[in-house]
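Undergrad: Would you mind keeping the following structure in view while I ask a few things?
The values are calculated or read from the model by the stated rules, or taken from the named source; none is laboratory data. A quick note: this is a predicted structure, and the numbers were derived from the prediction, not measured. Note that we place each Cβ from the backbone using ideal geometry, even for glycine, and neighbour counts take in every protein chain shown. SASA here: full protein model, heavy atoms, side chains in, ligands and nucleic acids out. Shrake-Rupley method; radii C 1.70, N 1.55, O 1.52, S 1.80 Å.
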Amino acid sequence: MRRLILLALFAAAPVHAGETVVAVAANFTEPAKAIAAAFTKATGDTATLSFGSSGAFYTQMTHGAPFEVFLSADADRPAKLEADGLTVPGTRFVYAVGTLVLYSATPGLVDGQGAVLKGGSFAHLAIADPAAAPYGAAAVETLKTLKLYDQNAPKFVTGSSITQAYQFVATGAAELGFVALSQVITVPGGSRWVVPATLHAPIEQAAVELKTGAANPVAAKFLKFLQGAEARAIIKRYGYEVR
Amino acid sequence: MGLVAATTIELASVTTLLLLLLATPLAWWLARSPRWWKEVVAAIAAVPLVLPPTVIGFYLLVAMGPAGPLTALLRPFGVRSLAFTFAGLVVGSLVYSLPFAVQPLRTAFAAVEQRSLDLAATMGAGPLDRFRSVAVPQARRGFVAAAILVFAHTVGEFGVVLMIGGNIPGRTEVLSTRIYSLVESLQFGPAHAIAAALVAFAFVALLALLLVDRRLGSVA
């Protein structure tokens, strides 16, 4: 019986299949899972995904975390890792560009032009921490471009990440908030204003291969797959733009 | 920075005061009641020990939103939403630190001698009087332990505040969430400074707990 189990285990593992360990920004969880599944289907190799905050990942990577590929929620941290000499040179690229949305779980609260921000008929406006999260910084920049920052700043409730900002809005605790299109693209109902990209600097998410993955061909293969047509189609489907 | 520290201290003080008031009757009942099902209540009161703080925080956020049951309950008093308010943080801290008040108080009340309570009764002392003049002095170490544990635990509270606070300076931003934001935005220097201050605070609080406990023990 035991021999049978062992046999089954070996038979289940494809020959020469490799594995790479990928750190994925929490906001990219769903598309990353879909891409990893497509990657395994196409190559037989596995991308093992860890999800978490980009800031925490960066801190862990500078302290020897065994991740081989990093899909960050921003462009800064991969650039910093490169400056720290922790990446494989020439592997950094923007894999997705985020779209900012002003969203409310209440139908009809947010209009198609974002005029609700002028009226102030709400008590709380959720944003992600502008110092740590690119969507937060983009939200602040948008309000400043519209000259509506001073009027709305007292109503800010700040989530530590874009995930938390969305939780504030989704639970109705905050009437509306700046969230990522990817978070609400599959959510029916509510009301939303897709913020024009001209109102803020682009929300770039960059990927990079880490030195820990230099000896593993699967790491480079996964990054190459991420730039291919199939992965790009998945990324778009989840509400991101691609370059 | 000073504002954040002030909010933290204020939150911890208000929570400690309210929680001692709320936990005292509960702990007394748990310690002295003969009913078996009091342990069901004791188990419920200890649940916050087991649940991850962000989980408690998430459900508090749901309960405290404009459509939440807690808000509905308080609507007659003019409360529109508890989330993102200082009062909301106090409610969250009360839930989160409840076991830290109930456990030491229950232990202390269980050790109060029945004989001295009976003696006071024969001398004509009513229940409240007996509690005040016999039980409280005998259980004073329990009160001190509960107060310091709740205060320190509230200062160190993170997950709950993160979920229901919204980091509003002067209202709901506390030291622990400030440290987290600083680390998230890679400002390690200021984060180290606040963390060091918190460690120093924790040390002083615990030392005070041990010294007061020793003092009260030798007096008794």
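Undergrad: Using the C-alpha gyration tensor of the range B:2-174, what are the square roots of 5 times its eigenvalues, in whole angstrom, with the largest one first?
TA: 34, 17, 15
Undergrad: Explain nothing, just compute: Karplus ³J(HN,Hα) = 6.51 cos²θ - 1.76 cosθ + 1.60, θ = phi - 60°, for every residue of the range B:166-179 in order, whole Hz, x for Gly and Pro.
TA: Karplus values, whole Hz, x for Gly and Pro: x, 6, 8, x, x, 10, 10, 8, 10, 4, 5, 6, 5, 4.
Undergrad: For a bin width of 10 Å, list the pair-distance distribution of the protein assembly as shown built from all Cα-Cα distances, rounded to whole %.
TA: With a bin width of 10 Å, the distribution comes to 4, 17, 23, 21, 16, 11, 6, 2, 0.
Undergrad: Another one. Of B:Trp29, B:Trp37, which has the most accessible area and how do the rest follow, probe 1.4 Å?
TA: B:Trp37, B:Trp29
Undergrad: Per-residue Cβ counts within 10 Å, from other chains only, averaged over B:162-168: what number is that?
TA: Going residue by residue through B:162-168 and averaging, the value is 6.
Undergrad: Could you list the square roots of 5 times each eigenvalue of the Cα gyration tensor of the range A:100-194, that is, the equivalent ellipsoid semi-axes, sorted largest first and rounded to whole Å?
TA: 17, 16, 12
Undergrad: Report relative contact order for the range A:100-194 in percent, whole number only (criteria: Cα-Cα under 8 Å, sequence separation at least 6).
TA: Relative contact order for the range A:100-194 comes out at 50 percent.
Undergrad: In degrees, nearest 10, range 0 to 90: what is the angle between the Cα axis of helix A:217-226 and the longest Cα principal axis of chain A?
TA: Here the helix axis deviates by roughly 40 degrees.
Undergrad: Rounded to whole Å, give me the distance from the Cα center of the range A:122-145 to that of the range A:179-235.
TA: One Cα centre to the other: 20 Å.
Undergrad: Now, a different point. Please list, in order along the range A:145-154, the HN-Hα scalar couplings obtained from phi with the Karplus expression 6.51 cos²θ - 1.76 cosθ + 1.60 (θ = phi - 60°), rounded to whole Hz, x for Gly and Pro.
TA: My calculation for the range A:145-154 gives 4, 7, 6, 10, 5, 4, 5, 9, 3, x Hz in order.
Undergrad: State, to one decimal in nm, how far the label point of B:Ala193 lies from the label point of B:Glu10, with both points 7 Å from Cα in the Cβ direction.
TA: 2.2 nm
Undergrad: Between the helical axis of B:38-50 and the dominant principal axis of chain B, each derived from Cα atoms, what acute angle in degrees is found, rounded to the nearest 10?
TA: In chain B, helix B:38-50 runs at an angle near 30 degrees to the longest axis.
Undergrad: Right, next: Provide the packing ranking of B:197-207, B:82-92, B:133-143, i.e. peptides ordered by the mean count of other C-beta atoms within 10 Å per residue, highest first.
TA: Packing order, densest peptide first, comes out as B:82-92, B:133-143, B:197-207.
Undergrad: While we're on this one: When ranked by the protection proxy of mean other Cβ atoms within 10 Å per residue, highest first, what sequence do the peptides A:127-137, A:109-119 form?
TA: For the peptides A:127-137, A:109-119, the packing ranking is A:127-137, A:109-119.
Undergrad: Let me know the mean shielding of B:52-60 by other chains, meaning the per-residue number of their Cβ atoms within 10 Å of its Cβ.
TA: 1
Undergrad: Can you order the peptides B:156-163, A:152-159 by their average number of other Cβ atoms within 10 Å per residue, highest first?
TA: B:156-163, A:152-159
Undergrad: Give me the one-decimal nm value for the distance between modelled label points at B:Ala87 and A:Leu199, 7 Å along each residue's Cα-to-Cβ direction.
TA: Each label point is offset 7 Å from its Cα along the Cβ direction, giving 3.3 nm.
Undergrad: Give me, ordered by chain and number, the residues 5 or more places off A:Ala75 or on other chains with an amide H under 5 Å from its own placed amide H.
TA: Here A:Glu204, A:Ala206 satisfy the definition.
Undergrad: What is the spin-label model distance, in nm, from A:Ala123 to B:Arg115 if the labels are put 7 Å beyond Cα along the C-beta direction?
TA: It is 5.7 nm.
Undergrad: Shifting gears a bit: Please turn the phi angles of the range B:129-145 into ³J(HN,Hα) values with the Karplus equation 6.51 cos²θ - 1.76 cosθ + 1.60 (θ = phi - 60°), one per residue in order, whole Hz, x for glycine and proline.
TA: 5, 4, 4, 5, 8, 10, 5, 4, x, 6, 9, 4, 5, x, 5, 5, 4
Undergrad: Report which residues of the range B:61-87 become buried by 30 Å² or more of accessible surface when going from the isolated chain to the complete set of protein chains (1.4 Å probe; DNA, RNA and ligands ignored).
TA: Residues meeting the cut-off: B:Leu61, B:Pro66, B:Arg80, B:Phe84.
Undergrad: Further, regarding this structure: How big is the accessible area of A:Asp76 in square angstrom, nearest 10, if you roll a 1.4 angstrom probe over the protein chains?
TA: 100 Å²
Undergrad: Right, another one. Tell me which residues come under 5 Å, amide H to amide H, from A:Thr91 once H is placed; ignore anything under 5 positions away on its chain.
TA: Answer set, sorted by chain and number: A:Glu209.
Undergrad: Now, a different point. Other chains near A:170-178: what is the mean number of their Cβ atoms within 10 Å of each residue's Cβ?
TA: 6
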